[in-house]
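A quick write-up on the structure given underneath.
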Amino acid sequence: MAKYDFDKKLDRSASWSLKWKVAENELPMWVADMDFETAPEIMEALSKRLSQGAYGYTIVPDEWYNAYISWWKTRHKLDIKKEELIFSTGVIPTISSAVRKFTTPNENVVITTPVYNVFFNCIVNNGARVLESPLLERDGSFFFDFDDLEKKLSDPQTSLLLLCNPQNPSGRIWTKEELSRVGDLCKKYGVIVLSDEIHCDITDPGKEYVPFASASDVCRQISITAIAPSKAFNMAGMCSSAVFASDPVLRHRIWRQLNTDECGEPSFLAITAAIAAFTKGSDWLSEMNSYVYENKLFAEDYIKKNIHDVRMIHSEATYMIWLDARDITKGRADLASFIRKNTGLFISKGELYGQGGEGHLRINLACPRAMVEDGMERLKKGIKMYVKRKDK
(Lines give C-alpha, C1' and ligand atoms only; values in the text may rest on other atoms or scores of the structure.)
Protein backbone atom coordinates (compact mmCIF):
# COMPACT_ATOMS: atom_id res chain seq x y z
CA MET A 1 0.00 0.00 0.00
CA ALA A 2 1.33 3.42 -0.93
CA LYS A 3 2.58 5.56 1.93
CA TYR A 4 2.57 8.84 -0.02
CA ASP A 5 -0.08 10.55 -2.17
CA PHE A 6 1.26 11.55 -5.58
CA ASP A 7 -2.25 12.07 -6.99
CA LYS A 8 -2.71 15.15 -4.80
CA LYS A 9 -3.15 18.31 -6.87
CA LEU A 10 -1.04 21.26 -5.75
CA ASP A 11 -2.03 24.88 -6.25
CA ARG A 12 1.29 26.58 -6.99
CA SER A 13 -0.19 29.77 -8.41
CA ALA A 14 0.66 31.86 -5.33
CA SER A 15 4.18 30.49 -4.84
CA TRP A 16 6.01 32.56 -7.48
CA SER A 17 6.61 29.33 -9.37
CA LEU A 18 8.58 29.72 -12.60
CA LYS A 19 6.86 26.67 -14.05
CA TRP A 20 3.38 27.99 -13.35
CA LYS A 21 3.92 31.54 -14.61
CA VAL A 22 1.48 30.81 -17.41
CA ALA A 23 -1.79 32.11 -18.78
CA GLU A 24 -5.14 30.89 -17.51
CA ASN A 25 -5.99 27.39 -18.75
CA GLU A 26 -2.40 26.69 -19.82
CA LEU A 27 -0.83 23.44 -18.64
CA PRO A 28 2.94 23.68 -18.03
CA MET A 29 4.84 20.43 -18.59
CA TRP A 30 8.17 21.93 -19.56
CA VAL A 31 10.79 22.93 -16.96
CA ALA A 32 12.18 20.11 -14.82
CA ASP A 33 10.50 20.52 -11.49
CA MET A 34 7.77 18.37 -10.00
CA ASP A 35 4.14 19.00 -9.19
CA PHE A 36 4.42 16.71 -6.19
CA GLU A 37 4.86 17.77 -2.58
CA THR A 38 8.35 16.89 -1.50
CA ALA A 39 8.80 14.19 1.13
CA PRO A 40 6.95 15.07 4.35
CA GLU A 41 10.09 14.12 6.25
CA ILE A 42 11.89 17.00 4.50
CA MET A 43 9.05 19.43 5.15
CA GLU A 44 9.06 18.44 8.82
CA ALA A 45 12.82 19.03 9.11
CA LEU A 46 12.51 22.45 7.43
CA SER A 47 9.59 23.41 9.65
CA LYS A 48 11.52 22.43 12.76
CA ARG A 49 14.52 24.47 11.64
CA LEU A 50 12.35 27.50 10.83
CA SER A 51 10.72 27.32 14.25
CA GLN A 52 14.08 28.07 15.86
CA GLY A 53 13.66 31.65 14.69
CA ALA A 54 17.30 32.52 14.02
CA TYR A 55 18.36 32.41 10.38
CA GLY A 56 22.01 33.42 10.43
CA TYR A 57 25.10 32.14 8.67
CA THR A 58 25.50 28.37 8.48
CA ILE A 59 28.48 26.06 8.47
CA VAL A 60 28.62 22.80 6.55
CA PRO A 61 28.30 20.27 9.39
CA ASP A 62 29.46 16.68 9.58
CA GLU A 63 25.85 15.59 9.22
CA TRP A 64 25.79 17.02 5.69
CA TYR A 65 28.93 15.16 4.64
CA ASN A 66 27.73 11.94 6.26
CA ALA A 67 24.35 12.16 4.50
CA TYR A 68 25.96 12.37 1.06
CA ILE A 69 28.56 9.72 1.83
CA SER A 70 26.02 7.23 3.19
CA TRP A 71 23.51 7.82 0.36
CA TRP A 72 26.03 7.30 -2.44
CA LYS A 73 27.53 4.25 -0.80
CA THR A 74 24.19 2.61 -0.02
CA ARG A 75 22.24 3.58 -3.10
CA HIS A 76 24.92 3.91 -5.77
CA LYS A 77 27.83 1.75 -4.51
CA LEU A 78 30.25 4.68 -4.66
CA ASP A 79 32.70 5.37 -1.84
CA ILE A 80 33.24 9.07 -1.18
CA LYS A 81 35.55 10.53 1.43
CA LYS A 82 34.62 13.61 3.41
CA GLU A 83 37.50 15.63 2.02
CA GLU A 84 36.33 14.87 -1.54
CA LEU A 85 33.04 16.77 -1.10
CA ILE A 86 32.47 20.51 -1.52
CA PHE A 87 29.23 22.40 -0.95
CA SER A 88 27.88 24.39 -3.91
CA THR A 89 24.74 26.46 -4.29
CA GLY A 90 23.80 24.56 -7.44
CA VAL A 91 24.83 22.33 -10.31
CA ILE A 92 24.58 25.16 -12.85
CA PRO A 93 26.79 27.50 -10.78
CA THR A 94 29.24 24.60 -10.50
CA ILE A 95 29.29 24.09 -14.27
CA SER A 96 29.81 27.79 -14.93
CA SER A 97 32.61 27.91 -12.36
CA ALA A 98 34.25 24.88 -13.97
CA VAL A 99 34.13 26.47 -17.42
CA ARG A 100 35.80 29.59 -16.03
CA LYS A 101 38.45 27.60 -14.17
CA PHE A 102 39.32 24.84 -16.61
CA THR A 103 39.20 26.73 -19.91
CA THR A 104 40.75 29.88 -21.28
CA PRO A 105 38.81 32.22 -23.59
CA ASN A 106 37.75 30.58 -26.88
CA GLU A 107 38.75 27.07 -25.87
CA ASN A 108 36.31 24.26 -26.64
CA VAL A 109 33.93 22.56 -24.25
CA VAL A 110 32.54 19.34 -25.75
CA ILE A 111 28.94 18.34 -25.16
CA THR A 112 27.14 15.30 -26.56
CA THR A 113 23.89 16.52 -28.07
CA PRO A 114 20.95 16.62 -27.78
CA VAL A 115 21.61 17.66 -24.20
CA TYR A 116 20.31 19.93 -21.43
CA ASN A 117 20.01 23.34 -23.05
CA VAL A 118 21.54 25.36 -20.19
CA PHE A 119 24.89 23.70 -20.94
CA PHE A 120 25.11 26.01 -23.95
CA ASN A 121 24.59 29.07 -21.75
CA CYS A 122 27.17 27.97 -19.20
CA ILE A 123 29.77 27.59 -21.94
CA VAL A 124 29.12 30.67 -24.04
CA ASN A 125 28.45 33.03 -21.14
CA ASN A 126 31.82 32.17 -19.65
CA GLY A 127 33.93 32.78 -22.73
CA ALA A 128 34.33 29.29 -24.15
CA ARG A 129 33.12 27.70 -27.37
CA VAL A 130 30.52 24.94 -27.69
CA LEU A 131 31.77 21.91 -29.59
CA GLU A 132 28.94 19.46 -30.22
CA SER A 133 29.44 15.74 -30.65
CA PRO A 134 26.02 14.49 -31.76
CA LEU A 135 24.81 11.24 -30.28
CA LEU A 136 23.79 8.35 -32.50
CA GLU A 137 20.13 7.37 -32.40
CA ARG A 138 19.63 3.66 -32.91
CA ASP A 139 16.78 1.27 -32.09
CA GLY A 140 14.92 3.99 -30.21
CA SER A 141 17.81 4.94 -27.95
CA PHE A 142 20.95 7.10 -27.94
CA PHE A 143 24.61 6.08 -28.05
CA PHE A 144 27.94 7.89 -28.09
CA ASP A 145 29.50 8.34 -31.51
CA PHE A 146 32.97 7.46 -30.28
CA ASP A 147 34.68 8.24 -33.58
CA ASP A 148 33.24 11.74 -33.61
CA LEU A 149 33.79 12.17 -29.86
CA GLU A 150 37.47 11.30 -30.20
CA LYS A 151 37.81 13.75 -33.05
CA LYS A 152 36.36 16.55 -30.91
CA LEU A 153 38.36 15.63 -27.81
CA SER A 154 41.60 15.45 -29.80
CA ASP A 155 41.28 19.07 -30.90
CA PRO A 156 44.10 20.92 -29.09
CA GLN A 157 41.59 23.66 -28.25
CA THR A 158 39.40 21.25 -26.27
CA SER A 159 39.91 21.32 -22.52
CA LEU A 160 36.63 20.22 -20.93
CA LEU A 161 33.83 17.70 -21.53
CA LEU A 162 30.41 18.32 -19.97
CA LEU A 163 28.72 14.96 -19.53
CA CYS A 164 25.04 14.49 -18.69
CA ASN A 165 24.65 11.27 -16.69
CA PRO A 166 21.91 10.04 -16.86
CA GLN A 167 21.24 11.67 -20.20
CA ASN A 168 18.81 14.57 -20.34
CA PRO A 169 16.57 14.80 -22.37
CA SER A 170 16.44 11.19 -23.55
CA GLY A 171 16.59 9.44 -20.17
CA ARG A 172 19.39 7.11 -21.27
CA ILE A 173 21.51 5.51 -18.52
CA TRP A 174 25.10 5.18 -19.72
CA THR A 175 26.74 1.82 -19.08
CA LYS A 176 29.96 1.31 -17.16
CA GLU A 177 31.71 0.30 -20.36
CA GLU A 178 30.56 3.41 -22.23
CA LEU A 179 31.63 5.71 -19.41
CA SER A 180 34.98 3.98 -19.05
CA ARG A 181 35.66 4.46 -22.76
CA VAL A 182 34.76 8.15 -22.47
CA GLY A 183 37.20 8.43 -19.57
CA ASP A 184 40.00 6.76 -21.48
CA LEU A 185 39.56 9.13 -24.42
CA CYS A 186 39.55 12.17 -22.17
CA LYS A 187 42.69 11.04 -20.39
CA LYS A 188 44.39 10.36 -23.74
CA TYR A 189 43.81 13.95 -24.85
CA GLY A 190 44.16 15.70 -21.49
CA VAL A 191 40.50 16.70 -21.21
CA ILE A 192 38.81 17.17 -17.83
CA VAL A 193 35.31 15.74 -17.35
CA LEU A 194 32.55 17.46 -15.45
CA SER A 195 29.73 14.97 -14.98
CA ASP A 196 26.31 16.46 -14.23
CA GLU A 197 24.51 13.73 -12.28
CA ILE A 198 21.61 15.78 -10.91
CA HIS A 199 19.01 13.30 -12.26
CA CYS A 200 20.82 10.21 -11.01
CA ASP A 201 18.26 9.24 -8.36
CA ILE A 202 15.31 9.33 -10.74
CA THR A 203 15.41 5.92 -12.40
CA ASP A 204 12.83 3.40 -13.50
CA PRO A 205 12.22 0.50 -11.09
CA GLY A 206 14.98 -2.07 -11.45
CA LYS A 207 17.32 0.41 -13.16
CA GLU A 208 20.44 1.91 -11.58
CA TYR A 209 22.65 4.65 -12.92
CA VAL A 210 26.44 4.30 -13.00
CA PRO A 211 28.36 7.22 -11.43
CA PHE A 212 31.02 8.35 -13.87
CA ALA A 213 33.63 8.24 -11.12
CA SER A 214 32.84 4.58 -10.45
CA ALA A 215 33.34 3.42 -14.04
CA SER A 216 37.15 3.15 -13.70
CA ASP A 217 40.09 4.53 -11.76
CA VAL A 218 40.81 6.78 -14.74
CA CYS A 219 37.30 8.21 -14.67
CA ARG A 220 37.59 8.93 -10.96
CA GLN A 221 40.89 10.74 -11.28
CA ILE A 222 40.12 12.99 -14.27
CA SER A 223 36.63 14.11 -13.27
CA ILE A 224 34.52 16.39 -11.16
CA THR A 225 30.96 15.31 -10.40
CA ALA A 226 28.04 17.62 -9.64
CA ILE A 227 25.35 16.01 -7.47
CA ALA A 228 22.31 17.29 -5.59
CA PRO A 229 19.01 16.31 -3.96
CA SER A 230 17.17 19.01 -5.89
CA LYS A 231 15.64 17.12 -8.84
CA ALA A 232 14.91 13.90 -6.97
CA PHE A 233 13.18 15.59 -4.03
CA ASN A 234 11.58 18.59 -5.80
CA MET A 235 13.59 21.35 -4.17
CA ALA A 236 15.45 22.99 -7.04
CA GLY A 237 14.78 26.38 -5.48
CA MET A 238 16.62 25.39 -2.31
CA CYS A 239 20.05 26.10 -3.91
CA SER A 240 21.72 23.04 -2.42
CA SER A 241 24.22 20.78 -4.18
CA ALA A 242 27.66 19.23 -3.87
CA VAL A 243 30.80 18.71 -5.90
CA PHE A 244 32.67 15.42 -5.66
CA ALA A 245 36.28 15.30 -6.83
CA SER A 246 38.88 12.66 -5.92
CA ASP A 247 41.94 14.24 -7.48
CA PRO A 248 43.27 16.77 -4.96
CA VAL A 249 44.47 19.20 -7.61
CA LEU A 250 41.16 19.26 -9.49
CA ARG A 251 39.33 19.49 -6.18
CA HIS A 252 41.37 22.45 -5.00
CA ARG A 253 40.92 24.27 -8.29
CA ILE A 254 37.13 23.91 -8.36
CA TRP A 255 36.92 24.76 -4.64
CA ARG A 256 38.86 27.96 -5.26
CA GLN A 257 36.64 28.94 -8.20
CA LEU A 258 33.39 28.20 -6.36
CA ASN A 259 34.54 30.43 -3.53
CA THR A 260 35.77 33.11 -5.90
CA ASP A 261 32.33 33.06 -7.51
CA GLU A 262 30.66 33.12 -4.08
CA CYS A 263 28.92 29.80 -4.73
CA GLY A 264 30.28 27.97 -1.71
CA GLU A 265 28.27 29.50 1.14
CA PRO A 266 25.19 27.49 2.23
CA SER A 267 21.91 28.79 3.54
CA PHE A 268 20.55 27.16 6.68
CA LEU A 269 17.69 25.64 4.69
CA ALA A 270 19.99 24.23 1.99
CA ILE A 271 21.86 22.21 4.59
CA THR A 272 18.75 21.12 6.47
CA ALA A 273 16.93 19.97 3.33
CA ALA A 274 19.85 17.94 1.98
CA ILE A 275 20.41 16.13 5.26
CA ALA A 276 16.72 15.28 5.58
CA ALA A 277 16.48 14.10 1.96
CA PHE A 278 19.42 11.74 2.13
CA THR A 279 18.72 10.38 5.62
CA LYS A 280 14.91 10.16 5.60
CA GLY A 281 13.73 10.35 2.00
CA SER A 282 14.48 6.91 0.60
CA ASP A 283 10.96 5.49 0.85
CA TRP A 284 9.41 8.60 -0.67
CA LEU A 285 11.88 8.55 -3.57
CA SER A 286 11.20 4.90 -4.35
CA GLU A 287 7.45 5.49 -4.44
CA MET A 288 7.89 8.63 -6.54
CA ASN A 289 10.03 6.77 -9.07
CA SER A 290 7.41 4.04 -9.34
CA TYR A 291 4.65 6.61 -9.83
CA VAL A 292 6.57 8.44 -12.56
CA TYR A 293 7.33 5.13 -14.24
CA GLU A 294 3.60 4.40 -14.39
CA ASN A 295 3.10 7.86 -15.89
CA LYS A 296 5.67 7.00 -18.55
CA LEU A 297 3.91 3.72 -19.33
CA PHE A 298 0.58 5.51 -19.60
CA ALA A 299 2.03 8.18 -21.91
CA GLU A 300 3.78 5.65 -24.12
CA ASP A 301 0.65 3.56 -24.48
CA TYR A 302 -1.49 6.64 -25.16
CA ILE A 303 0.88 7.91 -27.82
CA LYS A 304 1.09 4.52 -29.55
CA LYS A 305 -2.69 4.25 -29.70
CA ASN A 306 -3.62 7.84 -30.45
CA ILE A 307 -0.72 9.79 -32.00
CA HIS A 308 0.62 7.54 -34.72
CA ASP A 309 3.11 9.96 -36.27
CA VAL A 310 4.99 10.52 -32.99
CA ARG A 311 7.38 8.07 -31.33
CA MET A 312 8.49 8.04 -27.70
CA ILE A 313 12.22 7.41 -27.22
CA HIS A 314 13.05 4.64 -24.76
CA SER A 315 13.70 6.12 -21.32
CA GLU A 316 15.30 4.59 -18.23
CA ALA A 317 15.81 7.68 -16.07
CA THR A 318 14.60 11.22 -15.35
CA TYR A 319 10.94 12.19 -15.25
CA MET A 320 10.97 13.64 -18.77
CA ILE A 321 10.02 11.90 -21.99
CA TRP A 322 11.57 12.66 -25.39
CA LEU A 323 9.28 12.43 -28.39
CA ASP A 324 10.33 12.10 -32.02
CA ALA A 325 7.92 14.10 -34.19
CA ARG A 326 10.15 14.52 -37.24
CA ASP A 327 7.70 12.71 -39.49
CA ILE A 328 5.25 15.57 -39.11
CA THR A 329 7.51 18.59 -38.57
CA LYS A 330 9.50 18.00 -41.78
CA GLY A 331 12.27 20.33 -40.68
CA ARG A 332 10.07 22.99 -39.08
CA ALA A 333 10.67 24.13 -35.48
CA ASP A 334 7.20 25.44 -34.70
CA LEU A 335 5.41 22.38 -33.31
CA ALA A 336 5.79 23.11 -29.57
CA SER A 337 4.74 26.74 -29.98
CA PHE A 338 1.78 25.70 -32.16
CA ILE A 339 0.61 23.20 -29.54
CA ARG A 340 0.85 25.80 -26.79
CA LYS A 341 -1.00 28.44 -28.78
CA ASN A 342 -3.83 26.11 -29.76
CA THR A 343 -4.20 23.84 -26.72
CA GLY A 344 -2.45 25.56 -23.82
CA LEU A 345 -0.01 22.67 -23.38
CA PHE A 346 3.41 24.18 -22.62
CA ILE A 347 6.23 21.77 -23.51
CA SER A 348 9.81 22.18 -24.74
CA LYS A 349 10.92 22.11 -28.35
CA GLY A 350 13.77 19.78 -29.19
CA GLU A 351 15.78 22.41 -31.07
CA LEU A 352 16.76 23.91 -27.69
CA TYR A 353 18.92 20.85 -26.98
CA GLY A 354 21.31 21.11 -29.90
CA GLN A 355 22.07 18.84 -32.83
CA GLY A 356 19.79 15.82 -32.88
CA GLY A 357 17.01 17.69 -31.12
CA GLU A 358 15.35 18.90 -34.29
CA GLY A 359 11.73 17.81 -34.60
CA HIS A 360 11.57 16.48 -31.04
CA LEU A 361 9.56 17.43 -27.95
CA ARG A 362 10.41 17.15 -24.24
CA ILE A 363 7.58 16.63 -21.74
CA ASN A 364 7.76 16.56 -17.94
CA LEU A 365 5.73 13.75 -16.36
CA ALA A 366 6.51 14.46 -12.69
CA CYS A 367 2.92 15.35 -11.93
CA PRO A 368 -0.35 13.73 -10.85
CA ARG A 369 -1.83 11.22 -13.30
CA ALA A 370 -4.80 13.46 -14.02
CA MET A 371 -2.39 16.12 -15.29
CA VAL A 372 -0.63 13.57 -17.51
CA GLU A 373 -3.97 12.50 -18.94
CA ASP A 374 -4.88 16.13 -19.62
CA GLY A 375 -1.48 16.72 -21.21
CA MET A 376 -1.79 13.72 -23.52
CA GLU A 377 -5.25 14.82 -24.66
CA ARG A 378 -3.93 18.28 -25.44
CA LEU A 379 -0.92 16.81 -27.22
CA LYS A 380 -3.17 14.67 -29.42
CA LYS A 381 -5.40 17.65 -30.19
CA GLY A 382 -2.47 19.95 -30.98
CA ILE A 383 -0.73 17.49 -33.28
CA LYS A 384 -3.97 16.68 -35.08
CA MET A 385 -4.52 20.39 -35.72
CA TYR A 386 -0.87 20.83 -36.80
CA VAL A 387 -1.05 17.99 -39.32
CA LYS A 388 -4.39 19.18 -40.66
CA ARG A 389 -3.01 22.70 -41.14
CA LYS A 390 0.05 21.40 -42.99
CA ASP A 391 -2.07 19.19 -45.23
CA LYS A 392 -3.91 22.19 -46.64
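Looking for something in contact with a helix residue (DSSP H, G or I) (Cβ under 7 Å, 6 or more places away or on another chain), closer than 21 Å to Phe6 by Cβ and not hydrophobic (A, V, I, L, M, F, W, C) - is there at least one such residue anywhere in the range 336-350?
no
Since Thr74 meets every condition but one in (1) in a helix (DSSP H, G or I); (2) open to solvent by 40 Å² or more (accessible area, probe 1.4 Å); (3) without any contact (Cβ under 8 Å) to a residue 60 or more places away in the chain; (4) closer than 28 Å to Tyr189 by Cα, which condition does it not meet?
Against the list (1) in a helix (DSSP H, G or I); (2) open to solvent by 40 Å² or more (accessible area, probe 1.4 Å); (3) without any contact (Cβ under 8 Å) to a residue 60 or more places away in the chain; (4) closer than 28 Å to Tyr189 by Cα, Thr74 comes up short only on (4).
Could you figure out which of (1) part of a helix (DSSP H, G or I); (2) at positive phi isn't true of Ile303?
Looking at each condition in turn, Ile303 falls short on (2).
Looking at Thr112 and the list (1) closer than 28 Å to His252 by Cα; (2) open to solvent by 10 Å² or more (accessible area, probe 1.4 Å), which single condition is not satisfied?
Of everything listed in (1) closer than 28 Å to His252 by Cα; (2) open to solvent by 10 Å² or more (accessible area, probe 1.4 Å), Thr112 misses just condition (2).
Is it the case that Ala325 is open to solvent by less than 10 Å² (accessible area, probe 1.4 Å) and within 21 Å of the chain's Cα centre (by Cα)?
no
Among the numbered conditions (1) closer than 22 Å to Phe120 by Cβ; (2) among the β-branched types (Val, Ile, Thr); (3) in a helix (DSSP H, G or I), tell me where Ile321 comes up short.
Failing condition for Ile321: (3).
Being within 30 Å of Ala54 (Cα to Cα), part of a helix (DSSP H, G or I) and in contact with a strand residue (DSSP E or B) (Cβ under 9 Å, 6 or more places away or on another chain) is the requirement here; does Ala277 meet it? Please lay out each step first, then the result.
Working: within 30 Å of Ala54 (Cα to Cα): yes; part of a helix (DSSP H, G or I): yes; in contact with a strand residue (DSSP E or B) (Cβ under 9 Å, 6 or more places away or on another chain): no.
So Ala277 fails the test.
Would you please name the residue that is nearest to the chain's Cα centre (by Cα), looking only at residues in the range 8-51 that are in a loop (DSSP other than H, G, I, E, B) and basic (Lys, Arg)?
Step one: of the range 8-51, the residues in a loop (DSSP other than H, G, I, E, B) are 8-26, 29-39, 51.
Still in the list and also basic (Lys, Arg): 8-9, 12, 19, 21.
On the way: Lys8: 24, Lys9: 24, Arg12: 22, Lys19: 16, Lys21: 21 Å.
Top of the filtered list is Lys19.
Do the conditions hold for Ser315, that is, is it polar (S, T, N, Q) and part of a helix (DSSP H, G or I)?
no
Between Lys349, Lys341, which is touching a strand residue (DSSP E or B) at 6+ places or on another chain (Cβ under 8 Å) and either modelled with pLDDT of 95 or more or open to solvent by 10 Å² or more (accessible area, probe 1.4 Å) (or both)?
Within the list Lys349, Lys341, the selection yields Lys349.
Considering only residues that are farther than 30 Å from Arg326 by Cβ and either loosely packed, with under 15 Cβ neighbours inside 10 Å or charged (D, E, K, R) (or both), which ones fall in the range 287-314?
Glu287, Ser290
Which residues, taken from the range 20-44, are surrounded by fewer than 21 Cβ atoms within 10 Å (Cβ to Cβ) and aliphatic (A, V, I, L, M)?
Val22, Ala23, Leu27, Val31, Met43 - these are the residues of the range 20-44 that are surrounded by fewer than 21 Cβ atoms within 10 Å (Cβ to Cβ) and aliphatic (A, V, I, L, M).
The values are calculated or read from the model by the stated rules, or taken from the named source; none is laboratory data. On a predicted model such as this, the values are computed, not experimentally measured, just so you know. Positions of Cβ are generated from backbone atoms using ideal geometry, with glycine treated the same way; all protein chains shown enter the neighbour counts. Side chains are part of the model used for accessible areas, which takes the heavy atoms of the whole protein and leaves out ligands, DNA and RNA. Shrake-Rupley method; radii C 1.70, N 1.55, O 1.52, S 1.80 Å.
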